[in-house]
Every structure is written in C-alpha cells, then in structure tokens.
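I have placed the structure first, in the form of structure tokens, so that the comments after it can refer back to it.
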Amino acid sequence: MAEHHWTTFATEPVKRLVELLPSQDINSYRETMMSLGGCLATTIATSLENENNRGKPIYIACSVEDADFLAKGLLTSLEKTFSEIRFACFWNKSTIEPDGVEDFEFSPILKQYKEMAANQECILIVVKSIISGACVVATNINNLMTELNPISIYIAAPVMLDNADKKLKSQFPTKYQSRFSFISFAIDNQKDQNGMILPGIGGSVYERYGFASEADKNIYLPTIVKTRRKTYAQT
Amino acid sequence: MLAIYMSRAYIDHDTSRYPPLQNSDTAIFENASSCSLNGRQEYLKHKHIGGASFQKGNNYENRFAVWKLAELLNEHIDFQIDGNVEAQKKDFFIDDLVIDEAFGNFASCFQLKNRNNVGWGNGKKSSLSFDCFWQEKESYSGQIKVVINSSAACRKLQSTKPVFLSNKVQILTFPNDSLEDLLDAHEMKDVISKLCAKERPENNLIRQVALNLLAVWQESNGCCSISSLATKIASIWPSTIRVSVTDTELKALKETEFAKILSEIPNFNFDFRRGYFNYEYFQTKATFNHHVKTKEFADLQDWVIQNSPEEFEDKLEMELLRRSLSNG
C-alpha cells in the first residue's frame, strides 16, 4: 500500500489534514483544501521572513479548480501579513502530448485572469493541489513571466510527485532555475495504471472538488475571481 | 603572396569561377576538385547509408530546424509560398537541412556542427571543404551555410575558410542551448512570436509553438512541406499559429452585426488580429480557439446575434469558453 513520504514542512496537524482527504465528501474536501492552503501560507511566510523578503510584493497564481479552495486559503492567510498581493487564475486544457512525446507536452491556456502587478520584481507563489507532470504549472509560470521578473518563485502544493521539481525547472531558461523553491507536505512516488498519484490527494482533484469533468471546471467562474474583478472594476 | 590558378587535378569544373588560391588552399582545392564523378556518386551513396540519419528528439539539429521552420511558416502565411524542408537530404553534399528553392532567399542547405574542433579539412572526401566545394557545383540555387555552435569556433572557421569558398559558403552561429534558453535570448523568439496566434504572445504560447514545431518535425521524420506543417500544428491545438487575414477581411469582421453587439457591452474589448477573436474584460483575457474562417466561429457569431448579450459575465463568458472547447 502506497504511503506518503512526509517532508520537514509537514507538522502533525498538517499530516492529519492530508490524510483526511481520501475519505471526505465534496464540501469537507473543499474545506480541508482551504485549510491546507493556509498551512502552505504559514510555511511560505516563514521562509520569506528567513530570506528577508517580507516587504516584497507578492503575486499568487493558481488553476481555476483550486481558486476558491486551496488558493483562497493561501491568499486569505497571506493577506494577514502581507499588504501588497496580486492574483492570477488560469483556465487550462489538460496536458497535450504531440506525437506522444512527453518532452513536447503543453497545457493550452483557455482563459486567464491576471491582476496588473505593481512591481515586476515580486515573489511569485504558484499554488496547486497536486503537482505531477508539472506541465500546467510550468505553462502558467511561463505566461506570468512575460510580464513579471520574480526574484523568487515558490511552488506550493500539499502533495508532489517525486522529481516533479526537476521536471518543472527544466522547462525554464537556465538563469531562472535557481529562483525556484518547492513547498510541499508530502512527496509521493507511486502512480496507478491511470497515472493517478498514490496516495496523492485522494483521487482526481476535479471530481473531488465536485466538478463533473475537465470541461465543467473550465467553464466555472470562481467566486474569488468574480469578487476581485468587481473590486477592480470599481477602482 | 603567391597566388596560383589551379589548372590541373580537377575534372569537370571551370577554374575561372574561383578566385586566386593562396598557398594553403592549393592542396585543399586540388584534393577536392580531383574527385571523379564516380567517386562522388559512391561517396554520396555511402554518406547517406552509413552517415547520420534523422535523429528524433529535442536535439541541436532539430532545435535549429525549428528556427528555420518558423521562418518558412511565416513566409507561407504571408505570401502563400510552399515547398519542402528535408533533413539528411539524399544526393546533397551539404545535407543536414535543405530548404526548397521555392523559398527564394530563404532557400539554403545547412551543415550543422555541434562541436568546437571544426575545421575545413584537407579537401578529401568527408571533409567540410570537400562537401562545400561539390555542393556549390550542384544545380541547387540555394545558399550553402555551415552552422556552428559557438562564436569563437565560427570566427576560427571564418578566418581559415579556403579562398575558393570565400563568397560561396556562409558560416553562422547557432548555440547549443536548451529550447528554453533559445526562446529567452535567441532571435528565434522573435520569429516564433510573429508566428503565434496572437499579437504580443506570452512566453507559454511561444514555447507551445516551438514544441509543436519540434513534434511535427519529428513526426515527419525530418521531411515535410511547410503547408502540411501548418495543418498538423492546427490539428494539435487550433489557436497556436496565426492564420492569414487581409485588411479587407478584418474590416468586414469589424462591421458585422456580431461585432456591433459585442462593442455595446461595457468594458468588453476585442479584436480579430492574426485571424483569431481575442477578447478582454477587466484583466480577463482569452482567445477563441477557432479562427475567424471556421464554422465554429460562424456559429459563435450566430449565437451572439440571436442572444444579443448585454454583459460579459456569466452567460457570454461561459458560452465563449464552451464553444472554444467544442470541435464543430
């Protein structure tokens, strides 16, 4: 039976949260993910303080499925300490592998919500429920780096697949590769025959969050986007 | 300086085509030019049997091909020029990548050298000078180019180039960098940006185009027409590379009922540049996945006309995404 390999960031309460995921219904799952977002924020905030980055502007990015849950938990928690936070949300098509070659894979962006950064030099935090192939995350960071020049890039996920960090970094120019830091609570190294990470986050995140399909999550407009867009419209 | 015209030791070419040789070049010229027709035919036969064959993957040769394919695709879209590109082309002495003569100034044959210790050799078979000498004599009208991975090696090769090849062979540098580094700093980025389905493309779209070019080139085993390349990329994911739209077509699109209805929606902006419907609403941006000449786009126009949306959020926003994901 597959087991999590806990990282040093995983405290006992955090481990209990991650272990709750497989057995939860949709609403509890969403709440647990929101809590885990808060836990990731705490870990990142400590790291930022240690590296003297406390005053730097922060830019948070996520995929649409995580926006109202994991990302909201992280954002809400960081907002208590950091004043200048911008946010982006991406609607991605699942990974396409042209000619069946993993090295050529990409995840097209169908839509993007990106708040204008006050400063190109920022701390970029990309949050995702699970990082496996890293293609979606790499696509979204590449997109953001058209306009941003982050001094640090935090990749935050409750669970990551072993070696996902190396795979992710390889999708960027050499000069940016040292800027990455990875924050996760568990590193898993097993997959089932469908490519699902075991024990991972308890199955397909779309279904666990309550989306009927990938297409369903891609027509979803997260409340966090709706709210922030409205606020922006009023300024 | 001793200059001599070669008057012997070659069989079937006209010496008056070559500038005076310097001493150091004499032996090279003599060796190269003395190869008989049979000898050359035998050499080419073995070069393509035992020599390099097309290698799949994200390697130096294929990354260079991506740069050239992107240039040609831009030519194809803008001027409807079509022709073949081929790696390890049979019967070519300079054969690593050969661009069809139909591409005019872009037509070239390339020899790629991904190492530092490259020299012209002694003019005998398998040497760079031999291949360049005989390639120049072929009826192919494209340019002969030697591609090397560092500027230092390029300078060295340039400074030692035999006089009889001086105006006939160009040397250029193409670094052996990762695709990601090339897209960050090499002029390849501008060429691919011009090819993208939207103006001022983000880095992820530029990378997507490059990966698609690599994939399709690999799938073709290093031999394809540029028109087929465009079709195959569009079949992987539609809104990747631009499509040709004339100013008249753009003007007509802006005057449609569809455009009139959308222009009434507060804070909603859109354009049809590069043949795709791009829209924006308060920091939200997207490109409709199907170009303006497709049935999917025509259906979207019909839907907008029938429903006359007055705001973006919810109904129109969702419909645009839903239809973007549909396939006819």
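Observations
- Options B:K124, B:K56, B:K113: the member that is free of Cβ contacts under 8 Å to residues at least 60 places away in the same chain and of a type in the set (K, R): B:K113
- Which listed residue, of B:L262, B:L253, is outside any strand (DSSP E or B), of a type outside the set (V, I, T), in contact with a strand residue (DSSP E or B) (Cβ under 7 Å, 6 or more places away or on another chain) and modelled with pLDDT of 95 or more: B:L262
- Residues satisfying the stated conditions in region B:310-328, i.e. free of Cβ contacts under 8 Å to residues at least 12 places away in the same chain and under 15 Å from A:N92 (Cα atoms): B:M318, B:R322
Quick grid of which residues meet (1) basic (K, R); (2) part of a strand (DSSP E or B); (3) over 25 Å from A:K72 (Cα atoms):
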position	(1), (2), (3)
A:K167	yes, no, yes
A:Y176	no, no, yes
A:Q193	no, no, yes
A:A212	no, no, no
A:K230	yes, no, no
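- Candidates B:N212, B:N221: the one that is in contact with a Ser or Thr (Cβ under 7 Å, 6 or more places away or on another chain) and in the same structural domain as B:K90 (by TED's automatic domain parsing) is B:N212.
- Of all residues in region B:198-232 being outside any helix (DSSP H, G or I) and facing chain A (nearest Cβ under 10 Å), the one that is farthest from B:F54 (Cα to Cα): B:R200
- Qualifying residue in region B:183-196 (condition: under 27 Å from B:Q301 (Cβ atoms) and either within 13 Å of chain A (Cβ to nearest Cβ) or in contact (Cβ under 8 Å) with a residue 40 or more places away in the chain (or both)): yes
- So A:S94, is it of a type outside the set (A, V, I, L, M), closer than 30 Å to B:Q218 by Cβ and more than 14 Å from the chain's Cα centre (by Cα): yes
- Count of residues meeting criterion [without any contact (Cβ under 8 Å) to a residue 12 or more places away in the chain and either crowded, with 22+ Cβ neighbours inside 10 Å or in contact with a helix residue (DSSP H, G or I) (Cβ under 8 Å, 6 or more places away or on another chain) (or both)] in region B:128-168: 0
- Members of region A:8-41 found to be surrounded by fewer than 16 Cβ atoms within 10 Å (Cβ to Cβ) and over 23 Å from A:A212 (Cβ atoms), listed by number: A:T8, A:T11, A:E12, A:P13, A:K15, A:R16, A:E19
The values are calculated or read from the model by the stated rules, or taken from the named source; none is laboratory data. In this text, all values refer to a predicted model and were calculated from it rather than measured experimentally. No Cβ is skipped: glycine too gets one built from the backbone with ideal geometry, and neighbour counts run over all protein chains shown.
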